[in-house]
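> The following block contains the structure, expressed as structure tokens.
The values are calculated or read from the model by the stated rules, or taken from the named source; none is laboratory data. No experiment lies behind these values; they were computed from the predicted model shown. Virtual Cβ from ideal backbone geometry, glycine too; neighbours counted across all protein chains shown. For accessibility, only protein heavy atoms count, side chains too; no ligands or nucleic acids. Shrake-Rupley method; radii C 1.70, N 1.55, O 1.52, S 1.80 Å.
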Amino acid sequence: MSIELQPLPPKGGDYNLENYEETAKHFDWSEVEKAFTFHKTGKVNLAYEAIDRFAEDENKKDQIALYYSDASRDESYTFAEMKKMSDKSANVLKEAGIEKGDRVFIFMPRSPELYFAALGAIKIGAIIGPLFEAFMEGAVKDRLENSEAKAIVTTPALLERVPVSDLPALEKVFIQGDDVKEDGVYLDFQSRLEQASETHDITWVDREDGLILHYTSGSTGMPKGVLHVHGAMLQHYQTGKWALDLKEGDVYWCTADPGWVTGTSYGIFAPWLNGVTNVVRGGRFSPEDWYATLEKYKVSVWYSAPTAFRMLASAGDEVVKNYDLSNLRHILSVGEPLNPEVVRWGEQVYGLRIHDSWWMTETGAIMITNFPTMTVKPGSMGKPFPGITAAILDDQGNELPPNRMGNLALREGWPSMMRSIWNNEEKYKGYFEFPGWYVSGDSAYKDEDGYYWFQGRVDDVIMTSGERVGPFEVESKLVEHPAVGEAGVIGKPDPVRGEIIKAFVSLREGYEVSDELKEDIRVFVKNGLAAHAAPREIDFRDKLPKTRSGKIMRRVLKAWELDLPTGDLSTMDDD
Ligand code: 6R9
């Protein structure tokens, strides 16, 4: 029996989605179109719906659209100013010969100009390719080469990682910085932006035209380019409304970097399509800075990730008391399993529940989530968003009954579904091996109430003495132990048991490695979960390998264990 938490009373007004079950029964995506200008005009461009229509609205134009801060800058831009800056940026790109359909990469640390560049490119119908600032030359080259990028917007510091002469398709390199010397290929983005005209005729596109290309790692091979289209805005908008519960007057902060899908779908599109104030903070994580950001901007809706919440929890419960977080009313999480322990911790320190949401780069927007008006079962990802059909399939594509673990799949055809893998039709088809279904690569089960429970990536599931064990369950239990900061669990091949469970653990401040502690942690999992789920081996490490978006890389743990090469680490957080 899992624990069930009744919905908490709303803080300040009703939630947008009052009755999940009723709404899901009757929901139709075509209804969502009525929220957009294109429903009346037939003219489509996501940037128009996100920025320009509010800039043209007397009641909205002077509202802050973007609050930006980092160690050296502290700025804000209204919707009217965002329109002006993105129009200028569109003119800069267009004058340099960039056209509809061209790939324009954006390779820079978070800054207001990153957002102007992205919106400007979208306004001319170009396809944007966000690149995380920590990528090194090889990773940048692979992505620009694969997509035949025509332009990149970058900074002087990152320019050395762009191998321009090895990229024949790359015609223009826009550099955002001081005193940039132009020479035909290299162009000064900053001065051009200042000088550009403030009026721009937006390029109207088709709903099926390309919007954004996100490169993401699979279990094998090179990162693949996942293409999304303008029509995805229906789902960005509606999930913003019902899952994030965005409404007039909200100040919203998504902590993800736009180099990852969460930082674009929910750091650019969803908030602005809903006309809310969006907070962007540059720089690195620190508990004090994060709480100061929530306080300073009176953030009301906050979207972050389990690793961040665990790091905040590790910082201790005292630090949060120094900040006024009274405006906060709704918190969400994505990217990796949200341990029940973290949900309990959230309720304790914030007086609010952290709501899990599940989706992927390929799905483009939230697919399964815990709605604020719904009973929450901590550890479960929640239920499918209205208009989304999910199922658990066996390896032959048959739907499994409740409580059976299998492949988490989605009925194809949701608005923000990827439309292709760039230059790789085979890979794309690989997701749709069972007619009508997109197979996610995650394993999960659905309980008798329709809640989905994440078990791991398909290839991470552990079989030990004939028992199926999801590493997430074990990791969740491990991090409940007071000494454990983070934990990654893999199956280690064993001649007798098939696999045994092996845990890699980093300790919290103040704890020392010892055999006693090891045994204590083992017994803790054994007693808390099940004997067969207790790790037979525990290795202590100072740090666990993680992707830049915070996921513990079990395949690297496995490679450590088996003494194998670790493969492509271009998405790994190695600083
Ligand atoms: C948005 C994003 C996708 C993979 C996905 C799954 C994991 C995402 C999760 C979750 C457990 C959740 N994942 N949300 N696992 N619970 N709520 O993260 O996209 O970087 O493509 O990762 O992340 O394994 O398949 P992406």
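> May I ask you to list the residues in segment 333-362 that are more than 8 Å from the ligand (Cβ to nearest atom), open to solvent by less than 30 Å² (accessible area, probe 1.4 Å) and part of a loop (DSSP other than H, G, I, E, B)?
Passing the criteria: N339, L352, R353.
> If the requirement is being under 17 Å from A270 (Cβ atoms) and of a type outside the set (V, I, T), which of these qualifies: G379, G364, G351?
Details: G379 fails: under 17 Å from A270 (Cβ atoms); G351 fails: under 17 Å from A270 (Cβ atoms).
None of the others qualify; the one that does is G364.
> Still on this structure, please answer the following. Only one of (1) touching a residue at least 24 places away in the same chain (Cβ under 8 Å); (2) within 19 Å of Q235 (Cα to Cα) fails for T293. Which number is that?
Just one mismatch for T293, condition (2).
> Restricting the search to segment 528-575, which residues are at pLDDT 80 or above, touching a strand residue (DSSP E or B) at 6+ places or on another chain (Cβ under 9 Å) and in a loop (DSSP other than H, G, I, E, B)?
Passing the criteria: A534, P535, R536, R541, D542, K543, L544, P545, M553.
> Hey, another quick one. Can you find, within segment 409-429, the residue that is farthest from P386 (Cα to Cα) among those that are out of contact with any helix residue (DSSP H, G or I) (no Cβ under 9 Å at 6 or more places or on another chain) and open to solvent by less than 50 Å² (accessible area, probe 1.4 Å)?
Y428
> Report, by residue number, each residue of segment 451-481 that is within 16 Å of the ligand (Cβ to nearest atom), part of a loop (DSSP other than H, G, I, E, B) and at pLDDT 90 or above.
Y451, V479
> I need a count of the residues in segment 257-277 that are in a loop (DSSP other than H, G, I, E, B), touching a helix residue (DSSP H, G or I) at 6+ places or on another chain (Cβ under 7 Å) and modelled with pLDDT of 95 or more. Before the answer, list the steps.
Let us first name the residues in segment 257-277 that are in a loop (DSSP other than H, G, I, E, B), namely 257-260, 274-276.
Going one step further and asking which of them are touching a helix residue (DSSP H, G or I) at 6+ places or on another chain (Cβ under 7 Å), we end up with 257-258, 274-275.
Okay, now just the ones that are also modelled with pLDDT of 95 or more, so 258, 274-275.
Number satisfying all stated conditions: 3.
> From the residues in segment 363-376 that are assigned to a loop (DSSP other than H, G, I, E, B) and buried (at least 23 other Cβ atoms within 10 Å of the Cβ), which one is farthest from the ligand (Cβ to nearest atom)? First the steps, then the outcome.
The first filter runs over segment 363-376 and keeps only residues assigned to a loop (DSSP other than H, G, I, E, B), leaving 363-367, 370-375.
Now restrict to residues that are buried (at least 23 other Cβ atoms within 10 Å of the Cβ): 363-367, 370-372.
On the way: T363: 8, G364: 9, A365: 9, I366: 8, M367: 9, N370: 9, F371: 14, P372: 16 Å.
Filtering first and then ranking leaves P372.
> Among the candidates T293, T262, T277, single out the residue that is of a type in the set (V, I, T) and either within 16 Å of the ligand (Cβ to nearest atom) or not assigned by the TED database to the domain that holds M418 (or both). Please lay out each step first, then the result.
Working: T293 fails: either within 16 Å of the ligand (Cβ to nearest atom) or not assigned by the TED database to the domain that holds M418 (or both); T277 fails: either within 16 Å of the ligand (Cβ to nearest atom) or not assigned by the TED database to the domain that holds M418 (or both).
Answer to the check: T262.
> Residues that are surrounded by fewer than 24 Cβ atoms within 10 Å (Cβ to Cβ), modelled with pLDDT under 95 and either within 30 Å of T566 (Cα to Cα) or among the hydrophobic types (A, V, I, L, M, F, W, C) (or both): does segment 241-256 have at least one?
Checked against the condition, which is being surrounded by fewer than 24 Cβ atoms within 10 Å (Cβ to Cβ), modelled with pLDDT under 95 and either within 30 Å of T566 (Cα to Cα) or among the hydrophobic types (A, V, I, L, M, F, W, C) (or both), segment 241-256 yields at least one hit.
> Can you pull out every residue in segment 154-178 that is in a loop (DSSP other than H, G, I, E, B), farther than 18 Å from L93 by Cα and open to solvent by less than 20 Å² (accessible area, probe 1.4 Å)?
Across segment 154-178, the qualifying residues are V162, P163, L167.
> Another question, then. Out of (1) more than 24 Å from S197 (Cα to Cα); (2) in the same structural domain as V276 (by the TED database); (3) within 27 Å of the chain's Cα centre (by Cα), what's the single condition that is false for A24?
(2)
> Considering only segment 377-415, how many residues are in a loop (DSSP other than H, G, I, E, B) and either farther than 19 Å from G430 by Cβ or more than 20 Å from the chain's Cα centre (by Cα) (or both)?
Within segment 377-415, the first condition is being in a loop (DSSP other than H, G, I, E, B), and the residues that meet it are 377-381, 385-389, 394-398, 400-405, 412-415.
So of that shortlist, the ones also either farther than 19 Å from G430 by Cβ or more than 20 Å from the chain's Cα centre (by Cα) (or both) come out as 377-381, 385-389, 394-398, 400-405, 412-413, 415.
Residues meeting the conditions: 24.
> Hey, another quick one. Keeping to segment 190-209, report how many residues are in contact with a helix residue (DSSP H, G or I) (Cβ under 8 Å, 6 or more places away or on another chain) and either part of a strand (DSSP E or B) or under 21 Å from R103 (Cβ atoms) (or both).
10
> P495: open to solvent by 60 Å² or more (accessible area, probe 1.4 Å), more than 15 Å from the ligand (Cβ to nearest atom) and more than 30 Å from A232 (Cβ to Cβ), yes or no? Lay out the reasoning, then the answer.
Numbers: open to solvent by 60 Å² or more (accessible area, probe 1.4 Å): yes; more than 15 Å from the ligand (Cβ to nearest atom): yes; more than 30 Å from A232 (Cβ to Cβ): yes.
When the stated conditions are applied, P495 passes them.
> Within segment 325-332, can one find any residue that is crowded, with 24+ Cβ neighbours inside 10 Å, in contact (Cβ under 8 Å) with a residue 60 or more places away in the chain and assigned to a loop (DSSP other than H, G, I, E, B)?
no
> Continuing with the same structure: Out of all the residues in segment 294-303, is one or more within 17 Å of the chain's Cα centre (by Cα) and assigned to a loop (DSSP other than H, G, I, E, B)?
Taking segment 294-303 first, the residues within 17 Å of the chain's Cα centre (by Cα) are 301-303.
Okay, now just the ones that are also assigned to a loop (DSSP other than H, G, I, E, B), so none.
There is no residue in segment 294-303 that is within 17 Å of the chain's Cα centre (by Cα) and assigned to a loop (DSSP other than H, G, I, E, B).
> Search segment 430-450 for residues being open to solvent by 20 Å² or more (accessible area, probe 1.4 Å) and among the charged types (D, E, K, R), and hand back the single one that is farthest from the ligand (Cβ to nearest atom).
For segment 430-450, the residue satisfying everything is E448.
> Which of (1) open to solvent by 10 Å² or more (accessible area, probe 1.4 Å); (2) among the polar types (S, T, N, Q); (3) within 15 Å of the ligand (Cβ to nearest atom) is the odd one out, the single condition T389 does not satisfy?
(3)
> May I pose another question? Can you pull out every residue in segment 304-324 that is touching a helix residue (DSSP H, G or I) at 6+ places or on another chain (Cβ under 9 Å), in a helix (DSSP H, G or I) and over 15 Å from W253 (Cα atoms)?
P306, R310, M311, L312, A313, S314, V319, V320, K321, N322, listed by residue number.
> Kindly provide the set of residues from segment 89-115 that are part of a helix (DSSP H, G or I) and among the polar types (S, T, N, Q), ordered by number.
The first filter runs over segment 89-115 and keeps only residues part of a helix (DSSP H, G or I), leaving 89-95, 112-115.
Of everything in segment 89-115, those that are part of a helix (DSSP H, G or I) and among the polar types (S, T, N, Q) turn out to be S89, N91.
> Can you tell me which residue within segment 129-144, out of those that are out of contact with any helix residue (DSSP H, G or I) (no Cβ under 8 Å at 6 or more places or on another chain) and part of a helix (DSSP H, G or I), is modelled with the lowest pLDDT?
That would be G138.
> Does segment 297-319 contain at least one residue that is polar (S, T, N, Q) and either outside the structural domain of V276 (by the TED database) or within 13 Å of the ligand (Cβ to nearest atom) (or both)? Write out each step before concluding.
So the first thing to find is which residues in segment 297-319 are polar (S, T, N, Q), and the list is 300, 304, 307, 314.
Next cut, either outside the structural domain of V276 (by the TED database) or within 13 Å of the ligand (Cβ to nearest atom) (or both) only: 304, 307.
Yes, the conditions are met somewhere in segment 297-319.
> Same structure, new question: In segment 31-65, which residues are among the hydroxyl-bearing types (S, T, Y) and surrounded by 11 or more Cβ atoms within 10 Å (Cβ to Cβ)? Steps first, answer last, please.
Here is the first cut: in segment 31-65, the ones among the hydroxyl-bearing types (S, T, Y) are 37, 41, 48.
Residues satisfying the conditions are T37, Y48.
> Open to solvent by less than 30 Å² (accessible area, probe 1.4 Å), in a loop (DSSP other than H, G, I, E, B), touching a strand residue (DSSP E or B) at 6+ places or on another chain (Cβ under 8 Å) and in the same structural domain as G382 (by the TED database), is that true of A149?
Details: open to solvent by less than 30 Å² (accessible area, probe 1.4 Å): yes; in a loop (DSSP other than H, G, I, E, B): yes; touching a strand residue (DSSP E or B) at 6+ places or on another chain (Cβ under 8 Å): yes; in the same structural domain as G382 (by the TED database): yes.
The answer is yes for A149.
Each row is one residue, and each column tells you yes or no for (1) farther than 16 Å from I128 by Cβ; (2) part of a loop (DSSP other than H, G, I, E, B); (3) more than 16 Å from the ligand (Cβ to nearest atom).
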{"residue": "V180", "(1), (2), (3)": "yes, yes, yes"}
{"residue": "L213", "(1), (2), (3)": "no, no, no"}
{"residue": "A232", "(1), (2), (3)": "no, no, no"}
{"residue": "T239", "(1), (2), (3)": "yes, no, no"}
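> Follow-up question, since we're still on this one. Report the residue count in segment 355-402 for those that are closer than 25 Å to K477 by Cα and hydroxyl-bearing (S, T, Y).
Going through segment 355-402 one residue at a time, the tally reaches 4.
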